[in-house]
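Student: One structure follows; several queries about it will come next.
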Amino acid sequence: MAAPKTTVWQLDPHTKAKHDLLKHYLGGWFPVLSSYNGRIVFLDGFAGPGRYETGEPGSPLIALETLLSHSHFAKMKCEFLFFFCEAKKDRFESLTEQIAGFKETRQPWPDNVKVQLVHSEFSETATSLIDYLKSQKKKLAPTFAFVDPFGFSGLPMRVLAELLSFSSCELFVNYMVDHVNRFATAGNVDHHLDDLFGTTDYKSAGTVTGKTRQQFLHDLYEKQLTDVCRFPYVQSFAMINKTGHIGYYLFHGTRDVKGVELMKDAMWKVDPGGGFRFSDRLAGQDVLFTESSVDTDPLRRALLQRFSGKRVSISTVEDYTLIHTPYRKTHLRSPVLTPLEKEGIIKVERPGRSGFPKGTWVTFP
Ligand SMILES: C[S@@+](CC[C@H](N)C(=O)[O-])C[C@H]1O[C@@H](n2cnc3c(N)ncnc32)[C@H](O)[C@@H]1O
């Protein structure tokens, strides 16, 4: 969306979907990380004014509410540090007011939940945090960084890489591919694009057009998150409208396969509504994230291609499905492997009489 001039604005359906994803994900992330860390951090780099025009909560309140209303909150003994960073003065003031109001409704405020509001640009805040940690010879505690700008400025790849270098850090970023696509070869905002990508390779977008160009800009951002930020697992989800137009991608970077599983579960649960759909591509086909009518054909074709002529363990097939396709583990057995076996396409050696339990081996044609 274009950046509004007003302090607050209307909540649109795809922002609501983004919030639902965040809520689902944090609902799983808080208990897991808090069980083996003394402190965890949620950093909202582009926090916004706190509420939308008709009172709906913004991402900072959603994160706090998800933690405080969690059924296991009383058992989570670690310290939770929330950093909310907003650059625009009127929105920062609104955010401050909203957080104060929220705290009042939640008295007595738990001692282990600390909220820090920062009125400055994300990259400035992140850089001072990095400098401070360096001077203290410390690393940032496990951090979930939610990065949700209106466009693509103020979001340097190098800062993300340094800030999130510790192994348990994760990134959830709204990549406004539409804007990037519009300006990638215009030549007038190259300094922002250089920062965003951490390379000048985006200029090669000039040699491609249409959907290929958008895919190129997607793939380059994904590559940079993998190579520069060193996230071995990077997933992305496109938000598409009725006409098939992609407005933005949500990228999730993690170093833990559990994080992949958690985010994927969230993706399949959330329905954006309003004619919008989340999607990803596999084997040249769009996969829509909607549990009501899951088309598992692309997964079937991808498995046949990936494991062609091989005998592999069920856990290898499962890991591939989870890490390299948009599908969940639940989409693998009954929807894909059972029909492949019935049709005599794959050969299955299993320890028991049925199913695909641990210890099963599958031979692909
Ligand atoms: C898309 S809105 C964020 C919405 C919020 N994350 C939510 O979901 O409720 C982006 C916000 O970032 C702020 N902003 C713009 N540039 C910024 C920067 N460089 N650093 C921090 N905040 C910035 C804008 O004023 C705006 O409030």
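The values are calculated or read from the model by the stated rules, or taken from the named source; none is laboratory data. The structure presented is a predicted model; accordingly, all values stated were derived computationally and were not measured. Neighbour counts are summed over all protein chains in view; Cβ atoms, including those assigned to glycine, are modelled from backbone coordinates with ideal geometry.
Student: If a residue must be more than 14 Å from the ligand (Cβ to nearest atom) and either under 27 Å from L21 (Cα atoms) or among the charged types (D, E, K, R) (or both), how many such residues does the range 120-144 contain?
Tutor: 9
Student: On the basis of being under 14 Å from the mean Cα position of the chain (by Cα), basic (K, R) and at pLDDT 95 or above, does K18 make the cut?
Tutor: Judged against the criteria, K18 is not a match.
Student: Assuming V147 fulfils every condition listed in (1) surrounded by 18 or more Cβ atoms within 10 Å (Cβ to Cβ); (2) away from the ligand (no atom under 16 Å from the Cβ); (3) of a type in the set (A, V, I, L, M); (4) under 19 Å from the mean Cα position of the chain (by Cα) apart from one, which condition is it?
Tutor: It is condition (2) that V147 fails.
Student: Out of (1) out of contact with any helix residue (DSSP H, G or I) (no Cβ under 6 Å at 6 or more places or on another chain); (2) modelled with pLDDT of 95 or more, the odd one out for V159 is which?
Tutor: All conditions are met except number (1).
Student: Do any residues in the range 1-28 that are not assigned by TED's automatic domain parsing to the domain that holds L64 have Cβ atoms under 9 Å from those of residues that are part of a helix (DSSP H, G or I) and of a type in the set (D, E, K, R), where the two are at least six apart or on different chains, and which pairs are they?
Tutor: Pairs that qualify, where the first residue is not assigned by TED's automatic domain parsing to the domain that holds L64 and the partner is part of a helix (DSSP H, G or I) and of a type in the set (D, E, K, R), are T6/D90; T7/D90; T7/R91; T7/E93; V8/R91.
Student: Also, quick follow-up: Going by the conditions given, is K103 near the ligand (Cβ under 9 Å from one of its atoms) and at pLDDT 95 or above?
Tutor: no
Student: I need the full set of residues from the range 249-280 which are buried (at least 22 other Cβ atoms within 10 Å of the Cβ) and either outside the structural domain of R158 (by TED's automatic domain parsing) or hydroxyl-bearing (S, T, Y) (or both), in order please.
Tutor: Listed by number, the residues that qualify are Y249, T254.
Student: Return the residues of the range 196-212 that are in contact (Cβ under 8 Å) with a residue 24 or more places away in the chain and surrounded by 18 or more Cβ atoms within 10 Å (Cβ to Cβ); say none if nothing qualifies.
Tutor: L196, F197, G198, A205, listed by residue number.
Student: Of these, L117, L193, which one is surrounded by fewer than 20 Cβ atoms within 10 Å (Cβ to Cβ), over 24 Å from Y36 (Cβ atoms), within 16 Å of the ligand (Cβ to nearest atom) and at pLDDT 95 or above?
Tutor: L117
Student: Do we have any residue at all in the range 221-231 that's farther than 27 Å from T143 by Cβ, surrounded by fewer than 18 Cβ atoms within 10 Å (Cβ to Cβ) and away from the ligand (no atom under 16 Å from the Cβ)?
Tutor: Checking the range 221-231: not a single residue is farther than 27 Å from T143 by Cβ, surrounded by fewer than 18 Cβ atoms within 10 Å (Cβ to Cβ) and away from the ligand (no atom under 16 Å from the Cβ).
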